[in-house]
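Heads up, the thing below is written out as structure tokens.
Quick note: the coordinates plus some simple rules give every number you see, no bench work behind them. These figures come from a predicted structure and were not determined experimentally. Ideal geometry is used to build each Cβ from the backbone, glycine not excepted, and the neighbour counts take in all protein chains shown.
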Amino acid sequence: MVGVDLGIKTLAVLSTGQEFPNPRHSGGALGKVRQLSRTVSRRVGPYDNATKTHRVPSNRWRRAVAALGKAQGRVADQRKDGLHKLTTTLAKEYGTVVIEDLFAAGMLKNHRLARHIADASFGEFRRQLEYKTVWNGGRTVVVDRWFCSSKTCSGCGAVKTKLDLSVRTYVCTECGLVLDRDLNAARNLAARGEAMVAGSGPETVNGRGGVGVLALPVKRQPGTAQAGNTGPVQPQGRTAVRELTKVH
Ligand SMILES: [Zn+2]
């Protein structure tokens, strides 16, 4: 079992301490994108900001836009390549891979510009991981979105109320643990996954496509309608049973 914390500066940190560097930081392709987008904005484009009118763009602008597109494509390719290497390694080397929910990862850890890019790669990361772990006879476990993997101490379980993104080292005021922020998060994910699997947690994703999520037992609030008579909830319950029988 391994917990995986996805990041921006580092592609991923595993609960074992292993790190996967982000390819876009090593290649320098991102710098090229920044440089080219500045070039594009200096040239005569289809919109004149001074007069707020449209105009015929220059050929130099068109060429710069084409070059920018090419550079962006290279960055995307590098990221894709890095993701595939990461998910292949994880699926081959570990039986159970524990990851965060997309919402938690996207909302709490990523900042501004990088966010939508990171969110997109997170979805892709999860998709690849789910089918590759199935290929290798393993599974992917997604922890619930409200689990604070970053703010929780992996040593004693204390939870901080606030932890700024700029703080890269987790320092626990309760037990004195000092640990890299991402490694702390990855260890928390591993422990959480372990607990979920041990308790055969309903959130466990058994392989592909979040089938396990669909198979969630339908939770009914006390005092609401009787089982089998829950109105809008019912179709979902039926789907869950069908999916379950299909998989097992
Ligand atoms: Zn602690």
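Miscellaneous remarks
- Shape class for segment 136-192: prolate, because the ratio a/c of the largest to smallest gyration tensor axis (alpha-carbon atoms, square roots of eigenvalues) is 1.5 or more and a/b beats b/c.
- Rounded to the nearest whole Hz, the Karplus-based 3J(HN,Hα) values (6.51 cos²θ - 1.76 cosθ + 1.60, θ = phi - 60°) of segment 186-197 follow the sequence 4, 5, 4, 5, 4, 5, 5, x, 4, 5, 5, 5, with x at glycine and proline.
- Checking the Cα-Cα distances for Lys9/Lys70; Lys85/Lys132; Lys80/Lys132; Lys80/Lys151; Lys32/Lys80; Lys9/Lys85 against a 21 Å cut-off, the pairs over it are Lys9/Lys70; Lys80/Lys151.
- Packing here is the average count of other Cβ atoms within 10 Å per residue, and on that basis the peptides 30-40, 87-97, 185-195, highest first, run 185-195, 87-97, 30-40.
- Each peptide in 158-168, 130-140 gets a packing score, the mean of other Cβ atoms within 10 Å over its residues, and the list from highest to lowest is 130-140, 158-168.
- Amide H contacts under 5 Å for Val141: Val97, Val98, Ile99, restricted to partners 5 or more places along the chain or on a different chain, H placed in the peptide plane at 1.01 Å from N.
- Distant-in-sequence amide contacts of Thr16, defined by a placed amide H-H separation under 5 Å and a gap of 5 or more residues or a different chain, comprise Gly3.
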